[in-house]
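The values are calculated or read from the model by the stated rules, or taken from the named source; none is laboratory data. Remember, it's a predicted structure, so these values are computed and weren't measured experimentally. FYI the Cβ positions are ideal-geometry reconstructions off the backbone, even for glycines, and counts take in every protein chain you see.
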Amino acid sequence: MSKKEILEGAMAVAHAVARCRPDVVAAYPITPQTHISEELSTIIADGELDAEFVKVESEFGAASVVLGASAAGARAYTATSSQGLMLMAEVLWNIAGMRLPVVLACANRSVSAPLSIWCDHQDAESIRDCGVIQIYAEDAQESVDQHIIAFKVAEDRRVLLPMMVNLDGFLLTHVFEPVELPDQEPVDKFLGKFEALYKLDVDNPMSFGCFTEPDKCMEGRWMIHDAQLRSLAVIEEVSANFAKAFGRNSGGLLEEYKSKDAETVLVAKGSICGTIKDVIDELRDKGQKVGLVRVKTFRPFPRQALVKALSGAKRIAVIEKGGSFGSGGIMTPDIKDALYDTSARIPVSGFCVQLGGREITADGIKEIVARVSKGEQVAYEYFGLKPALLPDLVPVD
Amino acid sequence: MEFNYADRVLKPGYTSCLGCGEALAMRLVVQACGKNTVFTNATGCSEIFTSRYPTSSWNAPWLHSLFENSAAIASGVFYALKHSGQLEKGVQVVAMGGDGGTADIGLQCLSGAMERGDDILYVCWDNEAYMNTGVQRSGLTPLDADTTTSPQGKKSFGNNRPKKDLPMIMAAHGIPYVGIASMGYYRELAPMVKRILQIRGPKFLQVHVVCPLGWKSDPAKSAEMARLAFETGCYLLYEIIKGEMKAHRAPKDGWKPVEEYLKPQGRFRHLFRSADAAMRITGIQAAAAANIRKYYGDEAVPQFARDAEAKIAEAAKATA
């Protein structure tokens, strides 16, 4: 029987990945992902996992190696953060387009400049549209479990897409939490052996990566979109099976936390949801009808599930750790988009917090709740800016 | 007449240009590798002319991903096959790319694969510019070549830098095999590749291939042009096997003046138009002399090449 241990998030993830028995692991050092790849290389060096650890010269190389390995029929894994993910971006589009079920972790970290090693979600969100499925963990346990779920979903023949598990850099990678590492046998039973639908095989030669003319390319692109949408049901199914086998609801599309009867509903993803839940508990004790809808699956976007979860709210505040410069939020417009087709006209506000690891306290969350509960509505606000650090700006006519 | 293409690694029907040196060399090299090979291909002419969906000329497993990662995806394939026991059954991995995809944008991935000691053969088709995108200059474009991004003009003799010495960069990785071959000696390619594939560890082969479109040369004379590149000392051929340098045998009719190689090519036409430009040819001749001396000894340098060296030295003194 598996038992709870106090483990560092990244270490726990490495051991969970090892239990998924990847054939090929390729990774390049970047803070705060490094502990995952260090531990995996140790596990392989000690012979606890029979796999190839490829010491690459960059994240671009890492992504390319797992692409080649996956095309050759291997179960392949990589992990990265921030700048590393940026460097992988071109390859990730390619992996998704070639429908290779690679699994990767992103230890979410701010993207330079200014240089910051601390957590926000702008790295992962900037590759939002590339076809990689993105799921987000709230704690170390979910980071562990979501990796097992990710291999199962990615390799499902109804999906066949790369899948990225997001865990907040430092906040989840470097904290020690009680974690239950699943035993090898049930993981083997849950995942099974990876059998590629198509692979590079000298006995059955196929060409991978042919170019297309305009009369054929668009269908290939649509199929990625379609597979993303199909994966919604597969994620739910696999997550339900995981819960049955391991007793934890770590996967799925959303978590609805005291939101069913809530008038003010917050929407967020990742580790910040722990703080938000504490605030909700406190405000509920005071009689305020506040709840949280936590986005666990970000791409594909769980539109229907969100509409269902949010349509009873009187007001919504989306709390994001990222944004689109020159536009606003990333999730905020997603939520508005989903609700636009409903008859409800729920005011939606967007708040940008924690960029570059800026601390957000329970008081900050309470302030956001208080402001929107009073009827304030903001399009997208960088919350908690320090005016003393801002230059005197010349007004634009 | 009936043809049987079942044993061909690269089947007919690909859409390369007439006189394409890359197509000729590739057909011979991949045939020598055999069907027990997984090939990876960088984006470029060879990828485009062999793999227009839903058709493919490849009769062996073939993977194209991006412009700059042919070496890295080959590594990925290599480790997957190693893990599944395919390598023990004799399956081998061969990566390919053009000069830009190898020496410029793909150099990092290539260096990584070579440094790691991955047992792959990387073949660089060197046609000396970005031909697939319309003849732009690459790091392997020779000095004074007119390309669309190193155009000759009133203040330009074309490409202002000599060719990057990629084989020596590869040799500096301490890999067991580095070689430079030429499509001009196409009969040598197959036995050479078969011999190279006996060597375990990372192997790098650069093949000089003529692009009649980019070089503005006669498509009927591609092999002849490639031979002239060697016979004039402009493009030296050698192998470094486990650290030991072996130069290609010297041309049997002696070294020729560089004009014989430059003149039939439109990309060097501007060098034959003025006295200043003629001095550039003298410079290319002097560089060829240094090449010949380096690999064949001082006694091998012909008199006309020595004269060019003297003229360049004199000019340098005058400007100093």
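A few points about this structure:
- Residues that are among the acidic types (Asp, Glu), assigned to a strand (DSSP E or B) and touching a His at 6+ places or on another chain (Cβ under 8 Å), drawn from the range A:1-49: A:Glu8
- Against the numbered list (1) over 26 Å from B:Ala223 (Cβ atoms); (2) surrounded by 15 or more Cβ atoms within 10 Å (Cβ to Cβ); (3) without any contact (Cβ under 8 Å) to a residue 60 or more places away in the chain; (4) not aliphatic (A, V, I, L, M), B:Asn160 comes up short only at (2).
- If you go through the range B:265-276 and keep only what is touching a Phe, Trp or Tyr at 6+ places or on another chain (Cβ under 9 Å) and modelled with pLDDT of 95 or more, you end up with B:Gln265, B:Gly266, B:Arg267, B:Phe268, B:His270, B:Leu271.
- So B:Gly233, is it touching a residue at least 24 places away in the same chain (Cβ under 8 Å), part of a helix (DSSP H, G or I) and surrounded by 21 or more Cβ atoms within 10 Å (Cβ to Cβ): no
- Filtered residues of the range B:85-125 (kept if outside any helix (DSSP H, G or I), touching a residue at least 40 places away in the same chain (Cβ under 8 Å) and within 11 Å of chain A (Cβ to nearest Cβ)): B:Gly90, B:Val91, B:Gln92, B:Val93, B:Ala95, B:Gly106, B:Gly117, B:Asp118, B:Ile120
- Of the candidates A:Gly220, A:Gly251, A:Gly291, the single residue that is on the phi < 0 side of the Ramachandran plot and assigned to a loop (DSSP other than H, G, I, E, B) is A:Gly251.
- Search result, residues across the range A:61-75 that are within 7 Å of chain B (Cβ to nearest Cβ) and either at negative phi or without any contact (Cβ under 8 Å) to a residue 12 or more places away in the chain (or both): A:Gly61, A:Ser64, A:Val65, A:Val66, A:Leu67, A:Gly68, A:Ala69, A:Ala71, A:Ala72, A:Ala74
- Total residues in the range A:37-60 satisfying the condition of being facing another protein chain (nearest Cβ under 8 Å), in contact with a strand residue (DSSP E or B) (Cβ under 6 Å, 6 or more places away or on another chain) and either basic (Lys, Arg) or over 30 Å from A:Leu115 (Cα atoms) (or both): the figure is 2.
- Number of the exception - B:Phe39 against (1) under 16 Å from A:Leu200 (Cβ atoms); (2) of a type in the set (Phe, Trp, Tyr); (3) facing another protein chain (nearest Cβ under 7 Å): (3)
- Scan of the range A:169-217 for residues that are buried (at least 16 other Cβ atoms within 10 Å of the Cβ), more than 9 Å from every other protein chain (Cβ to nearest Cβ) and small (Gly, Ala, Ser), ordered by number: A:Gly169, A:Ala196
- Among all residues of the range A:108-130, there is none that is farther than 23 Å from A:Ser58 by Cβ and among the aromatic types (Phe, Trp, Tyr).
- Single residue of the range B:42-78 satisfying the filter (at the interface with chain A (Cβ under 7 Å from one of its Cβ atoms) and of a type in the set (Gly, Ala, Ser)) that is surrounded by the fewest Cβ atoms within 10 Å (Cβ to Cβ): B:Ser56
- The residues of the range B:1-23 that are more than 18 Å from the chain's Cα centre (by Cα), closer than 17 Å to B:Asn132 by Cβ and either surrounded by fewer than 18 Cβ atoms within 10 Å (Cβ to Cβ) or without any contact (Cβ under 8 Å) to a residue 12 or more places away in the chain (or both), listed by number, are B:Thr15, B:Leu18.
- Conditions (1) in a loop (DSSP other than H, G, I, E, B); (2) out of contact with any helix residue (DSSP H, G or I) (no Cβ under 9 Å at 6 or more places or on another chain): number failed by A:Ala309: (1)
- Complete set of residues in the range B:24-36 that are in contact (Cβ under 8 Å) with a residue 24 or more places away in the chain, more than 12 Å from chain A (Cβ to nearest Cβ) and surrounded by fewer than 24 Cβ atoms within 10 Å (Cβ to Cβ): B:Leu24, B:Leu28, B:Gln31, B:Ala32
- The range A:350-364 residues that are surrounded by 12 or more Cβ atoms within 10 Å (Cβ to Cβ), paired with ones that are β-branched (Val, Ile, Thr) and assigned to a strand (DSSP E or B) (beta carbon under 8 Å, 6 or more apart): A:Gly350/A:Val318; A:Phe351/A:Val318; A:Phe351/A:Ile319; A:Val353/A:Ile319
- Of the residues making up the range A:118-135, none is surrounded by 24 or more Cβ atoms within 10 Å (Cβ to Cβ), in contact with a Pro (Cβ under 6 Å, 6 or more places away or on another chain), within 14 Å of chain B (Cβ to nearest Cβ) and hydrophobic (A, V, I, L, M, F, W, C).
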